[in-house]
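Working notes, structure below.
The values are calculated or read from the model by the stated rules, or taken from the named source; none is laboratory data. What you see is a predicted model, and the numbers here were worked out from it, not measured in a lab. Note: ideal-geometry Cβ built from the backbone for every residue, glycine included; neighbour counts use all protein chains shown.
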């Protein structure tokens, strides 16, 4: 029996760094620093937003240094503006490099988005058109970031609330081509796929089927909000403020059946709950993945397409 991309992908970290198990981790929040150190729950990894740790010292680094001795780390950026028209900010990349050298994270990722223009920071993850021109710029920026860091990075699919008329390809085609040109890998956010599909009346399963398993090195899961506009249209907002919904769990299970287990983050960035609730979601992710793999293992070879 052979699953497409089912074997664990090669580590994103150079030889000698801690590999991340293909299991669930959580985002590190200051409110949980002490409890994590005291209880040391079983987790595959911790993920941080790098911009929160670009200062030189203080309590954030004191706690992160202690936790780095217990858990593998994943560094997730929100401000590189990989999808922007401007050249990447060399000072921002230098701060990234300092953090990477200091903590040697096992996984490094950034968003396919732009966050500012001409020196103006907009503090949001803004969409890019899926055109050849935008793809060329994105690839240049991925190459530049990987060159400065001396590491392979992962790029994350965005949540979308509109589409550009100028787009020449699907989002999945755009991301896969960027990964193949630059040698980066994909951080597959399944909640973002679902949110975008609902907002744009697309097929989330068809999107996921376009993503080769061997390119996926990490998965994100999160909750989202549902709003009704004045016109009665249902809008899903990627706010990371609740538990993962049933439909996203179902898509996650189907993805694991197809590509195998991957390091999987539970994202919860607003309305941050007690640590026990976060750990419960991580345990559910592990259980869903285990059930999905068991289901595939029970299927005869001839039934695997």
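For residue 191, only one of the following conditions fails: (1) assigned to a strand (DSSP E or B); (2) at pLDDT 95 or above. What is its number?
(1)
Looking only at region 55-90, count how many residues are closer than 27 Å to residue 138 by Cβ, crowded, with 17+ Cβ neighbours inside 10 Å and at pLDDT 90 or above.
Matching residues across region 55-90 total 8.
Across region 21-74, what is the total count of residues that are touching a residue at least 12 places away in the same chain (Cβ under 8 Å) and not in a helix (DSSP H, G or I)?
Adding up the residues that qualify gives 24.
For region 236-277, enumerate the residues that are part of a helix (DSSP H, G or I), within 27 Å of residue 213 (Cα to Cα) and in contact (Cβ under 8 Å) with a residue 12 or more places away in the chain.
Result: 247, 248, 249, 251, 252, 253, 254, 255, 256, 257, 258, 259.
When you scan region 255-267, how many residues do you find that are surrounded by fewer than 24 Cβ atoms within 10 Å (Cβ to Cβ) and in contact with a helix residue (DSSP H, G or I) (Cβ under 6 Å, 6 or more places away or on another chain)?
Of the residues in region 255-267, 3 are surrounded by fewer than 24 Cβ atoms within 10 Å (Cβ to Cβ) and in contact with a helix residue (DSSP H, G or I) (Cβ under 6 Å, 6 or more places away or on another chain).
Does residue 93 fit the bill of being under 16 Å from residue 51 (Cα atoms), out of contact with any strand residue (DSSP E or B) (no Cβ under 8 Å at 6 or more places or on another chain), buried (at least 16 other Cβ atoms within 10 Å of the Cβ) and touching a residue at least 12 places away in the same chain (Cβ under 8 Å)?
Yes; evaluated as a whole, the condition is true for this residue.
I want to confirm something. Restricting to region 145-174 and keeping residues that are in contact with a strand residue (DSSP E or B) (Cβ under 7 Å, 6 or more places away or on another chain) and within 13 Å of residue 128 (Cβ to Cβ), which single residue is modelled with the lowest pLDDT?
For region 145-174, the residue satisfying everything is 158.
What is the one condition in (1) under 27 Å from residue 56 (Cβ atoms); (2) touching a helix residue (DSSP H, G or I) at 6+ places or on another chain (Cβ under 6 Å) that residue 150 does not satisfy?
Among (1) under 27 Å from residue 56 (Cβ atoms); (2) touching a helix residue (DSSP H, G or I) at 6+ places or on another chain (Cβ under 6 Å), residue 150 violates only (2).
Looking at residue 116 and the list (1) more than 17 Å from the chain's Cα centre (by Cα); (2) surrounded by 15 or more Cβ atoms within 10 Å (Cβ to Cβ); (3) modelled with pLDDT of 95 or more, which single condition is not satisfied?
Failing condition for residue 116: (3).
Collect the residues in region 210-244 that are at pLDDT 90 or above and surrounded by fewer than 14 Cβ atoms within 10 Å (Cβ to Cβ), keeping them in residue-number order.
Passing the criteria: only 210.
Testing residue 102 on (1) part of a loop (DSSP other than H, G, I, E, B); (2) within 22 Å of residue 149 (Cα to Cα), one condition comes back false. Which one is that?
(1)
Report whether or not residue 121 is over 21 Å from the mean Cα position of the chain (by Cα) and either modelled with pLDDT of 95 or more or assigned to a loop (DSSP other than H, G, I, E, B) (or both).
Working: over 21 Å from the mean Cα position of the chain (by Cα): yes; either modelled with pLDDT of 95 or more or assigned to a loop (DSSP other than H, G, I, E, B) (or both): no.
So residue 121 fails the test.
Residue 179: in contact with a strand residue (DSSP E or B) (Cβ under 8 Å, 6 or more places away or on another chain), free of Cβ contacts under 8 Å to residues at least 60 places away in the same chain and closer than 21 Å to residue 108 by Cα, yes or no? Walk me through how you get there before you give the answer.
Numbers: in contact with a strand residue (DSSP E or B) (Cβ under 8 Å, 6 or more places away or on another chain): yes; free of Cβ contacts under 8 Å to residues at least 60 places away in the same chain: yes; closer than 21 Å to residue 108 by Cα: yes.
Spelling it out, residue 179 is indeed in contact with a strand residue (DSSP E or B) (Cβ under 8 Å, 6 or more places away or on another chain), free of Cβ contacts under 8 Å to residues at least 60 places away in the same chain and closer than 21 Å to residue 108 by Cα.
Which one is modelled with the lowest pLDDT, of the residues in region 288-305 that are over 18 Å from residue 220 (Cβ atoms) and either in contact with a strand residue (DSSP E or B) (Cβ under 9 Å, 6 or more places away or on another chain) or surrounded by 11 or more Cβ atoms within 10 Å (Cβ to Cβ) (or both)?
Selected residue: 304.
Among residues belonging to region 143-176 that are in a helix (DSSP H, G or I) and free of Cβ contacts under 8 Å to residues at least 40 places away in the same chain, point out the one that is farthest from residue 229 (Cα to Cα).
Filtering region 143-176 for residues that are in a helix (DSSP H, G or I) and free of Cβ contacts under 8 Å to residues at least 40 places away in the same chain, the one farthest from residue 229 (Cα to Cα) comes out as 147.
Regarding residue 215, is this residue in contact (Cβ under 8 Å) with a residue 40 or more places away in the chain and under 23 Å from residue 46 (Cβ atoms)?
It is false that residue 215 is in contact (Cβ under 8 Å) with a residue 40 or more places away in the chain and under 23 Å from residue 46 (Cβ atoms).
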